[in-house]
Structure formats: C-alpha cells, structure tokens
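Please read the structure below before turning to the comments.
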Amino acid sequence: MKQPLDFQAIFDALPDINLIVSADTAFTMLAASDVRLQATNVTREECIGHSIFEVFGNNPDEKAASGPGLLRASLERVLETRAPDRMATTKYDIPRRASEGGGFEVRYWNPINVPVLNDQGEVTCIIHQTQDVTDQVLRQDAATLSHSEERFRAALLASGTGTFTWYLNDGGFYPDSALEQIFQLPLGWKLDTFGRFIDQVHPDDRAQVRLAFSNPRQAQNVAVEFRLARPGPERWLACKAKAFRDASGKLAYMAGACFDVSARRHAEDALRISETRLRQLNEGLEARVASEVAVRSHTEEALRQAQKMEAVGRLTGGIAHDFNNLLTGIIGSLDLMQRRNARGEQDLDRYINAAVNSAERAAALTQRLLAFSRQQALDLKPVDVNQLVASLEDLLHRTTGENIVVVTELSAGLPPACMDMNQLESAVINLVINARDSMPHGGRVSLSTRSVQVGSEPDAARRGLTEGDYVLLSVTDTGTGMAPEVVERAFEPFFTTKPIGQGTGLGLSMVYGYIKQAKGYIQIESKPFNGTSVHLYLPVHHGVITPAKVEPERTPQGAGETILVVEDEPVVRSLVVEVLNDLGYETLEAGEASEALQITESQQRIDLMVSDVGLPGMNGRQLAEIVRQQRPGLKVLFATGYAESFAANDLLGPDMAVMTKPFAIDAFALKVGEMLGPHGR
C-alpha cells in the first residue's frame, strides 16, 4: 500500500513560500505552507481544493496582465517534460484582504515549479516554490529602468526586430516603436488592429499570413515569412508568435516578434538562380559532352579502321608473297602430276603430298586472318582447362627447348570454361612461343590457373571485363618484358617487335580476337627486363555438361540416303557431291537458294541438306528457316569459309551443325554420318 505524501515534511525541508498543486490541467491546490498563506492573503480553507487560477485570477484593472498565463505555461511544461521549470521574475497581482480595502495589489515573484515523480517516473504532483521580490523590484531606480528599456529598444532596432501584442477578446493590436520603425509607417498612422497589420504585408503574401494567424486557439505557435508592401528593394520579415491563456485557461492574447530576414532571402534567391543557371549549364555541358563523345567515338572508330587498313596495306605484300609461295607449291605439284600422268607414270605421291601440304598451310593462314577479325565459327563447349594444360605439357617442353623450364601451377576444383578447345590450345601454344622468343638465353615459363569472380564495381586496370565467373589462365615468363607503349599496341593486328621474317604480328591479335569472341577477356602485365604475364579470363560454362561422343574409327558409309547440296561455287559443289556419292549417298544439287526451294517444295525425299552460308541473295541460314517450315525436323549441315557473326552456339537450331572450310574429306564424312545417325537410313 502506497504511503501518502507528507506535505509537512516537504514544507519543513523547503522553508520558502511553497504550494503543492495536482498533476493535471486543473492545477488544484493540494497543500500550502503557512508562509505561502501569509504571503498571498488567503486562508487554507479558501485555497485547498480549488484551482490556483480560480483563487488567483487576473487583475481586472490591468488589461495586459500576463502573470497567470506565464504560470500556466510553466506548469504545463513541467507536466510535459517531467523536469523543473524556473520562471523569470514575474508580475502576478494578488487579491487584497477585504479589511484592507479589497481589490488587487502589485506583487513580483521569482517562481520555480518542481515535479514529484513516482517509481514509474510519472508526475504525481508539482511543488510551486516562489520568493516575493516585490520590494527589490520596486526599489529599483526609475531612471535605471528607463535606461534599461531604452537599451533594449535600441538592441531590437539594431537587430531589425520589433515586437507586438494582439489581444484576442477585443482585437486590439499593440506594436512597439521598433516594429513601427521597421514598417516605416507614415506619420500619424497606427497599427492598432490586426487588419492594419495585414495591410503592411505584400498582397501576394497576405493569404498565407492570414492563414498562419487564422485559428490561434488551435495553432498556438505561429511562424511565417512575408514581404512588406512598399516600393523599393524587396524586404522580407520573419514573424514568430505564441498564444497565451488567462487564469481561466482561455486564450487571451498573442505575443510575437518580427525580424528582418531580407539578407538571407536574397542570398537564397541568388543561390537558387545560381543553381538554376548551373543546372542549365550542366545540361548544356552534358549535351556538348555527349556530342563530343559521339564525335570522338566516330573519329576513334575511323582511326581504328584506318590503322587496320594501314596495317593490312603494310602486310599485303607479305601475305601475297606467302600465298604466292603456297599457290606455287599447289599449282606446280598439280602441273607435274598432269605431265607425269600424260606420260603414263604412276609415281605421283610426292607431288600429291606437296600440294596437300601447301593447301593446309594456306588454310592455316586464312584461319589466322579470320581469328584476329573475330569472324571464325567457334564450337563453344565445356573445357577442363587444367586437363587441357596438362595434355600440352610434353608439346610445350619440346617447343621451348632445353634452356627453358616450363612449370604448371593448377588449382584443383576448377569449373569448366565455355570455350572452343582447339582455339584455346592454339592460344596457349602461341603465348608460350612468344614467351620462348623473349628469353633467347633461357628462363622460365609458368602456366597457372585459378577461379575468379568479377563483381559489378568497375576496375580501371581491367576495363571491359564484365561481371561474372571466370577461370583465369595465366602464362608468365622471365623474359625481356615490354615497354608500356609496346603493351598498348601488343594486340594490334600485324604489330610485331620481332625482326623481319620472324613474325607476322598475327599471333597475339589472333588470341585477342578468339578470347573476345568467346566473351572472355585478355590482359598483359609487363615491364622492361622484368618479364611478362598474359592473363586469359575464360567465362565459366553454366549449362548442362553432356559426355563427348566417341567418334568412329573409320569413315561411315551411306546406305542410299538422299542429301541436297546447296553451293554456289561449281567446283566446290562438284567435289562435295562426288565425295558423298563415293560414300554411298544419293545427291541432289542446287547453285542457289531459289533452286533449292524448287526441290524442297517437291515430293522428293531429302534426309539431309548441306548448304553454304554465304549464298547469293538469300543466305544459307534464311534458306534453312524456310525449308524447316516445309519439312519440319530436316537436318541441316552448314559449310562456311567466312562466318560473319556466325557463332555455332548462337545461330544453330536443333539438328543443325556447321563446318568451316576448308575441311578434310574424312572429317566431312564423319560429320554427315553423325548427323544422319543409325536411324536416319
């Protein structure tokens, strides 16, 4: 059971004038010290159980009495904050005893209101403790008071601040002289009503000022900014006001201040204009930058094309020389074969081998040119990079020689890369040969692998490397290294630092073209006399991995299946038809797409269509789409020597495949047999 508060103990501990009021908005007087009763001319029976504002109300003779309102505001703050609230010296008149003539007498007080809290931190009552300082205030010299008031008024004028009081019961409006000077009122003009106050506001701002003061009984705090209605430079005022209540709790008046904020508003306007101009400038600048970037991109592209054409021009003679040598070997061997055959000689093998060897070298040179231009057809499949590197070790040891050590550092558990295995092997061999050539006196070549995950944050050192998972294959040597300007040009086609006759400049550009076409990334790190590292970022394969098919040991023979051959080059078409006939297949021929469609629209049986991609008019891929609509499920084998943007995994549908010209007869026969399958006959 809670013990009631011992008020007497409180009064004994606090010997000043004390009063205890309830913790609610009625502020009922619960207890009063004897000193308090004597100081306020009331008996305990007259005050205990009554509201403090019922017993000590407004002095009716003083219209602007503010004591009750200030006291109520302080007590309400204590309820809200649960903390003591000390008031400034306050004029609060009290009733005079009837024996002394009645009415009110002037009193000045220094009050403090202290909350009494329970265990839960709630206010249970408020101790109103005060000191009567009337004598001290009244003893002050009148001249001193007047001087203080003048200093206060001067301070307000210096700060551009004026004050006012607006009584809500009769509408009286009372500005001080500082506010009248701020408003620059004409001689004899008075701001004695709120309406006249509004007249001084700029017409465009009057609505918002009226709205701010429209219902002071609900909005007890007002804050609004407005312009003055007068010619000349624009002048802004900020107005803040607070509503005060009388002893009965009703709103009695509003007291406020207006102060000049013209400098701030003008600065804000200037800043806003500057920001607008800056935004417009930025927008214009962005447009100009975009235009300049577009022009620069166009110029750079034109420069790249010009450089490529210049490089092609520089090496046209060399390539023509190589092809002339190869063609000489082919044409000369065939010519000798014709002559020997006309004389009835049968020993033609060495001429045949010479012609085949020259043709294969010409095909390899063509593939290098296609690789650097990124126009070769890739067969992208899952590749175990560690297994590929391990399978090349013996070849690399033989290629580099005895004075160079080849080591491998392969990380276990790598995911498969999505690459063309043959092209990747060629790239690794090319890089190791370049490393060998940079170490004429011997050294060390390291091949290492590891997994790399690239995030979305751009990397300045690897511009162009996109987000994703990669297998990183690095080839590092201890050779002479490269200067920065050489690194910048290392991937340019036909650029080489090797002596004439020792390099075409197609090696690195071929690797670069292949890696980029496979959606990978290549990077070179090198310094003069400090070796070189070439990093290949190979994209990880995310699809389903199917076991590789085991190729048959011998060339499969046909069983009378019908194959439509579509080829615009008569010599190539006749060779393909003859090969297929030798293998036991029936053949149909067409020199272009329109001829092929005449055949496919008939009732003629067709088991497979072999078509060149680069047909005149409608190309082979478009032809296949139309034929597959006529004959759903028809198998199609494309043959191409130049597959622009023709990546096998991108444009091939089901039951479609592609072979790159030139191809060996055995490889062609195996692919045809594989597509027809055991059930296609």
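We did not get these values from a lab; they are worked out from the coordinates using the rules stated. Bear in mind the structure is a predicted one, so any value in this text is a computation, not a measurement. Here the Cβ positions follow ideal geometry from the backbone for every residue, glycine too, while neighbour counts run over all protein chains shown.
Modelled this way, with points 7 Å down the Cα-to-C-beta line, the labels at Ala267 and Val356 are 9.2 nm from one another. Note on Arg77 and Asp459: the model spin-label points, each 7 Å out from Cα along the C-beta direction, lie 6.3 nm apart. As a proxy for reagent exposure, ranking Asp420, Asp192 by other Cβ atoms within 10 Å from fewest up yields Asp192, Asp420.
The residues Val572, Val405, Val658, when put in order of fewest to most other Cβ atoms within 10 Å, stand as Val405, Val572, Val658. The residues Val475, Val566, when put in order of fewest to most other Cβ atoms within 10 Å, stand as Val475, Val566. Once backbone amide H atoms are built at 1.01 Å from N, Met419 has Lys381, Val383 as its partners under 5 Å, excluding neighbours fewer than 5 places away on the same chain. Exceedance of the 24 Å cut-off in Cα-Cα distance is limited, within the set Lys519/Lys671; Lys516/Lys635; Lys381/Lys519; Lys91/Lys190, to Lys519/Lys671; Lys516/Lys635; Lys91/Lys190.
Distant-in-sequence amide contacts of Ala229, defined by a placed amide H-H separation under 5 Å and a gap of 5 or more residues or a different chain, comprise Val201, His202.
In a fully extended conformation the segment linking Asp655 and Glu286 would gain 127.8 nm over its present Cα-Cα distance, using 0.36 nm per residue.
Each residue of region 583-600 was assigned a 3J(HN,Hα) from its phi angle through the Karplus expression (A = 6.51, B = -1.76, C = 1.60, θ = phi - 60°), giving 7, x, 9, 8, 10, 10, 10, 8, x, 7, 5, 5, 5, 5, 5, 4, 6, 5 Hz with x at Gly and Pro.
Extension gain, Val133 to Glu180: 0.36 nm times the residue separation minus the Cα-Cα distance gives 13.6 nm.
With a Förster radius of 35 Å applied to the beta-carbon distance between Glu625 and Arg605, the computed FRET efficiency rounds to 0.95.
The length gained by stretching the chain between Ser159 and Thr276 to full extension, at 0.36 nm per residue less their Cα-Cα distance, is 38.9 nm.
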